[in-house]
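The values are calculated or read from the model by the stated rules, or taken from the named source; none is laboratory data. Just so you know, these numbers come straight off a predicted model, no measurement behind them. Here Cβ is always computed from backbone atoms with ideal geometry, including for glycine, and neighbour counts include all displayed protein chains. Remember, those area values only see protein heavy atoms, side chains included, never the ligands or the DNA or RNA. Shrake-Rupley method; radii C 1.70, N 1.55, O 1.52, S 1.80 Å.
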Amino acid sequence: MGIPPIAAAILSDSSRWLIRDRAIVYRLNSPKYNKDALCLALSKVDQAIAKNTLAPCERQWGLLLDYLVFSVATYHEAKKGSEDTPPTKRRSDYQTLTNQMRDVAEMAGKLAEKIKSIGELAEQFDPADIADIDVPVNPLQWLNDTVYLKTVDSEARERYKGWIQADVERLAYLGCKYVPTISDMLTELSNRYQHSWEASQSSNTPIKSPKSRYNDFLSHFFSELHREAKRNQLPEQLLLNGKGLSLPEWADILGCALDEQDFKDQNLKDFMRRKSQ
């Protein structure tokens, strides 16, 4: 028994993977231990994916393998690092990141309200009353003006200008009934950062996940699967509480990818138990 043809084709595509991924990809494509068990587990993955889509399964297989290989590579890099990548620092950095996302959401919301009030107040005045003050009311022109930012090197600025300026100028003069204002754009920015912050507080994140040897690896990998399953990009049967694969079958796949024969289904049970506490 071999691994599913679609998975084998993706793993054999050298243009898809980084040099650091080579050993992980090779292990999955040519397992050196528990080959039959691994192939059986991957065939279960193939069946779950096939039931989830009417189209060819390459995209879903690609998503799954991308997340698996990236999570394993990150796990090995963390093991090689000394004081810079322990789980405690990762959790601290994650907390800082999520706090800043929340701050951006709040600041963007406040700034959107201020800019909206400027636009409302400016309506009662003649443009001459405002003299040389440039009230930013047209985001298309605002985007166009960013080609003159002094913090960007000249070559990048010229390439950007040539790529975007013509399209922006064309859009600006369409005479559309609705053109988003700066306030609209900042409100949307605030909403997106707020949504990201709320998602960061779920149980599938480093800050909420259990502390164990494989914690960060399992948390990252299965949180990505959970997110894609919610978007219907991967079948829910592939989640740990799904019915597509048993814990021993997941252990065969993850143990091979990690190159750790000691990784067993008990590691997954421990992870799930701590996660539920």
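Table: residues versus (1) hydroxyl-bearing (Ser, Thr, Tyr); (2) modelled with pLDDT of 90 or more; (3) open to solvent by less than 20 Å² (accessible area, probe 1.4 Å).
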position	(1), (2), (3)
Thr53	yes, no, no
Met101	no, yes, no
Glu106	no, yes, no
Ile115	no, no, no
Glu120	no, no, no
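If you go through the stretch 222-231 one residue at a time, do you hit one that is assigned by the TED database to the domain that holds Cys57, open to solvent by less than 10 Å² (accessible area, probe 1.4 Å) and aromatic (Phe, Trp, Tyr)?
Within the stretch 222-231, not a single residue is assigned by the TED database to the domain that holds Cys57, open to solvent by less than 10 Å² (accessible area, probe 1.4 Å) and aromatic (Phe, Trp, Tyr).
For the stretch 232-255, enumerate the residues that are open to solvent by less than 60 Å² (accessible area, probe 1.4 Å), in contact with a Lys or Arg (Cβ under 7 Å, 6 or more places away or on another chain) and part of a helix (DSSP H, G or I).
Matches in the stretch 232-255: Leu247, Glu249, Ala251.
Contact list please: Cβ distance under 9 Å, first residue in the stretch 97-124 and under 25 Å from Gln201 (Cβ atoms) and of a type outside the set (A, V, I, L, M, F, W, C), second residue open to solvent by less than 100 Å² (accessible area, probe 1.4 Å) and not in a helix (DSSP H, G or I), pairs at least six apart or on different chains.
These pairs meet every condition: Thr98/Gln201; Thr98/Thr205; Thr98/Ile207.
Would you confirm whether any residue within the stretch 74-87 is over 22 Å from the mean Cα position of the chain (by Cα), surrounded by 13 or more Cβ atoms within 10 Å (Cβ to Cβ) and at pLDDT below 75?
No - not one qualifying residue is present in the stretch 74-87.
Please name all residue pairs, on different chains or six or more residues apart, with Cβ atoms under 7 Å, provided the first residue is in the stretch 10-30 and is loosely packed, with under 14 Cβ neighbours inside 10 Å and the second residue is not charged (D, E, K, R).
Note: pairs meeting the criteria are Ser12/Asn29; Arg20/Ala73.
With respect to Thr187, determine if the residue is within 30 Å of Leu268 (Cβ to Cβ) and either at pLDDT below 85 or open to solvent by 50 Å² or more (accessible area, probe 1.4 Å) (or both).
Spelling it out, it is not the case that Thr187 is within 30 Å of Leu268 (Cβ to Cβ) and either at pLDDT below 85 or open to solvent by 50 Å² or more (accessible area, probe 1.4 Å) (or both).
Would you check if there is a residue in the stretch 200-207 being open to solvent by less than 60 Å² (accessible area, probe 1.4 Å), modelled with pLDDT of 70 or more and within 30 Å of Ser276 (Cα to Cα)?
Yes, the stretch 200-207 contains a residue that is open to solvent by less than 60 Å² (accessible area, probe 1.4 Å), modelled with pLDDT of 70 or more and within 30 Å of Ser276 (Cα to Cα).
Among the listed residues Tyr173, Tyr178, which satisfies the condition of being open to solvent by 70 Å² or more (accessible area, probe 1.4 Å), at pLDDT below 75 and closer than 16 Å to Gly119 by Cβ?
Tyr178
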